[in-house]
Amino acid sequence: MKMMIVIPARFDSSRFPGKPLKKINGIPMIRRVHEQCTKGFDGHIVVATDSDKIFRYCKSEKIDSIMTAANCLTGTDRVYEAALGFDAEFIINIQGDEPVFNPDDIKKFISAIRTFSNEYEVFAGYTKIKEEKDYYSNQVPKMLLNKNDELLYTSRSPVPGNKKSGFNNSYRQVCIYAYTLNALKLFCSQNKTPIEEIEDLELLRFLENDVKVKMVELSGDSISVDNPEDILKVELFLKHIK
């Protein structure tokens, strides 16, 4: 089965402008993301960006990259545009702000795609929530699954809820996805769906179009860099694992 990884990398982040090129222990983040991907996947990996600065940096480091339109509404739109130039049965999306993504999780995710590719066109990762603050944070998407590990719902709210409003055993999103080209085409051919618009979570667009999403349990050994202070979290993590 032919797969590829696309790493969407946008320069003009509202919360952290230029973050793909921000250095972590002296190494730009986009290079760290690419290196983690190469440890877990030996196929084609490409960075998709709308930034000439990121494109030129990748070229200088011999990282395959492609320029996409500046008006892509989401990272998924950017992935779709990049994937159109290649022949892949599944396109894996690993975000450009995941500098310590676990390569073993990539391998496990790919294995799940190979096992269930005849049943599903969309895959996503999840892991158990370990810290109570993540359960209540609206920055952490929570995931509800059925008995077949299919996504029932994802929310920024603390779900599943309870009468006492206490911390529940729950799951959170891990930022790795895979899609067929047809699934990407469906996603990108329409505007945000009603619930997606409210929650601002892209997987809901598939659910609202009756597309099943197969969830894959992963280690959760990743740190998404959303703000400048997250750089320190990554550097502390790297110091700990050495």
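Which condition number in (1) touching a residue at least 24 places away in the same chain (Cβ under 8 Å); (2) more than 23 Å from H34 (Cα to Cα); (3) acidic (D, E) is the one that D221 fails?
Here D221 meets the rest and fails (2).
Identify all residues within region 193-207 that are assigned to a helix (DSSP H, G or I) and of a type outside the set (A, V, I, L, M, F, W, C); write none if there are none.
Step one: of region 193-207, the residues assigned to a helix (DSSP H, G or I) are 194-199, 203-207.
Once the filter is applied, which keeps residues that are assigned to a helix (DSSP H, G or I) and of a type outside the set (A, V, I, L, M, F, W, C), region 193-207 yields P194, E196, E197, E199, R205.
If F167 meets every condition in (1) among the hydrophobic types (A, V, I, L, M, F, W, C); (2) under 13 Å from the mean Cα position of the chain (by Cα); (3) modelled with pLDDT under 95 apart from one, which number is that one?
Evaluating F167 over (1) among the hydrophobic types (A, V, I, L, M, F, W, C); (2) under 13 Å from the mean Cα position of the chain (by Cα); (3) modelled with pLDDT under 95 leaves (2) as the failure.
Residue by residue through region 2-21, note down the ones that are modelled with pLDDT of 95 or more and farther than 14 Å from Q95 by Cβ.
K2, M3, M4, L21
Can you give me the number of residues within region 36-76 that are under 30 Å from Q190 (Cα atoms), in a helix (DSSP H, G or I) and touching a Pro at 6+ places or on another chain (Cβ under 7 Å)?
2
For residues that are in contact with a helix residue (DSSP H, G or I) (Cβ under 6 Å, 6 or more places away or on another chain) and part of a loop (DSSP other than H, G, I, E, B), scanning just region 112-155, find the one that is nearest to S219 (Cα to Cα).
Of everything passing the filter in region 112-155, I129 is nearest to S219 (Cα to Cα).
Could you list, in sequence order, all residues of region 50-90 that are among the hydroxyl-bearing types (S, T, Y) and either under 13 Å from I7 (Cβ atoms) or buried (at least 18 other Cβ atoms within 10 Å of the Cβ) (or both)?
Taking region 50-90 first, the residues among the hydroxyl-bearing types (S, T, Y) are 51, 57, 60, 65, 68, 74, 76, 80.
S51, Y57, S65, T68, T76, Y80 - these are the residues of region 50-90 that are among the hydroxyl-bearing types (S, T, Y) and either under 13 Å from I7 (Cβ atoms) or buried (at least 18 other Cβ atoms within 10 Å of the Cβ) (or both).
The values are calculated or read from the model by the stated rules, or taken from the named source; none is laboratory data. Because the structure is predicted, anything quoted here is derived from the model rather than measured. Glycine also receives a Cβ, built like all others from the backbone with ideal geometry; neighbour counts cover every protein chain displayed.
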